[in-house]
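Just below is one structure, and these are the notes that go with it.
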Amino acid sequence: MKRTVKTEELAIKDLSPELDEKDREILKHLQEHARMSVTEIAARVHLSPTPVHERIRRLEESGVIRQYATLLDAQKLNKGLMVICYVSLKQHDKKAGLKFIQAINGLHEVVECYSISGEFDFMLKVMAKDMAGFYDFHVNRLSQVENLGHVQSVFVMGVIKETHKIIF
């Protein structure tokens with residue numbers, strides 16, 4: 001017996017929760033100051049604390065809010081040199097890619113890693129104390145990663161814009 005499939009069954013459902021204007025306001029305030037209390041947020045979005053708390057919990061559970069973070073001043077922590085490293089791999093199979101990713105996750109100097117398209121396979125954001133610190137990282141740690149093909153390093157001269165805020 002043949003079964004016909006309705007087009008509604010084939011539709012891909014959006015797994016993200018429906019966000020209303022209050023959710024958006026709450027997220028805006030949390031992006032500005034993640035340590036803002038539920039009571040403070042409630043006053044700003046004109047709700048009582050209980051529904052604000054429930055909304056925040058729902059946003060956390062759904063993954064809209066992934067984590068809370070403290071942004072640090074790299075200069076004040078003696079990590080003033082920022083370098084963007086474009087990396088290509090020798091081999092491009094799944095196993096080789098996973099090994100590279102595991103290795104990068106173990107390098108504390110790498111603060112961000114993106115899989116990218118184009119001439120290179122990955123883009124790394126690396127923080128070091130100074131040029132000597134980056135040289136040591138590059139020669140003794142990064143270049144020792146298995147399957148590393150080519151690395152092109154770009155030294156950041158100044159930060160024009162740096163934000164983690166998503167405007168929606």
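The values are calculated or read from the model by the stated rules, or taken from the named source; none is laboratory data. Just so it is clear, the model here is predicted, and its values are computed rather than measured. All Cβ positions, glycine included, derive from the backbone under ideal geometry; neighbour counts span all protein chains shown.
Take the residues in segment 23-46 that are within 25 Å of the chain's Cα centre (by Cα) and among the charged types (D, E, K, R); name whichever of them is surrounded by the fewest Cβ atoms within 10 Å (Cβ to Cβ).
Per the stated criteria, the residue is Arg35.
Of (1) farther than 30 Å from Asp23 by Cα; (2) free of Cβ contacts under 8 Å to residues at least 60 places away in the same chain; (3) in a loop (DSSP other than H, G, I, E, B), Val159 satisfies all except one. Which?
(2)
Assuming Val5 fulfils every condition listed in (1) at pLDDT 95 or above; (2) over 21 Å from the mean Cα position of the chain (by Cα); (3) among the β-branched types (Val, Ile, Thr) apart from one, which condition is it?
Every listed condition holds for Val5 apart from (1).
Only one of these conditions is not met by Ile65: (1) modelled with pLDDT under 95; (2) of a type outside the set (Asp, Glu); (3) not assigned by TED's automatic domain parsing to the domain that holds Val151. Which number is it?
(1)
Looking at Asp130, Asp121, which one is among the acidic types (Asp, Glu), modelled with pLDDT of 95 or more and in contact with a Ser or Thr (Cβ under 9 Å, 6 or more places away or on another chain)?
Details: Asp130 fails: in contact with a Ser or Thr (Cβ under 9 Å, 6 or more places away or on another chain).
Residue meeting the stated conditions: Asp121.
Give me a count of the residues in segment 47-66 that are surrounded by 15 or more Cβ atoms within 10 Å (Cβ to Cβ) and either in contact with a strand residue (DSSP E or B) (Cβ under 8 Å, 6 or more places away or on another chain) or of a type in the set (Lys, Arg) (or both).
Within segment 47-66, residues that are surrounded by 15 or more Cβ atoms within 10 Å (Cβ to Cβ) and either in contact with a strand residue (DSSP E or B) (Cβ under 8 Å, 6 or more places away or on another chain) or of a type in the set (Lys, Arg) (or both) number 1.
So which residues in segment 124-144 are in a strand (DSSP E or B) and either surrounded by fewer than 17 Cβ atoms within 10 Å (Cβ to Cβ) or of a type in the set (Phe, Trp, Tyr) (or both), if there are any at all?
Looking only at segment 124-144, we keep the residues that are in a strand (DSSP E or B), and these are 124-128.
Hit for segment 124-144 is Lys125, nothing else.
When you scan segment 92-115, do you find a residue that is among the hydroxyl-bearing types (Ser, Thr, Tyr), surrounded by fewer than 14 Cβ atoms within 10 Å (Cβ to Cβ) and either in a strand (DSSP E or B) or in the same structural domain as Gly149 (by TED's automatic domain parsing) (or both), even just one? Give the steps one after another, and end with the answer.
Taking segment 92-115 and keeping what is among the hydroxyl-bearing types (Ser, Thr, Tyr), we get 114-115.
Still in the list and also surrounded by fewer than 14 Cβ atoms within 10 Å (Cβ to Cβ): 114-115.
Going one step further and asking which of them are either in a strand (DSSP E or B) or in the same structural domain as Gly149 (by TED's automatic domain parsing) (or both), we end up with 114-115.
Yes, that holds for at least one residue.
With the structure loaded, tell me whether Leu72 is within 18 Å of the chain's Cα centre (by Cα) and either of a type in the set (Val, Ile, Thr) or assigned to a loop (DSSP other than H, G, I, E, B) (or both) or whether it fails that test.
Working: within 18 Å of the chain's Cα centre (by Cα): yes; either of a type in the set (Val, Ile, Thr) or assigned to a loop (DSSP other than H, G, I, E, B) (or both): yes.
For Leu72, the condition - within 18 Å of the chain's Cα centre (by Cα) and either of a type in the set (Val, Ile, Thr) or assigned to a loop (DSSP other than H, G, I, E, B) (or both) - is met.
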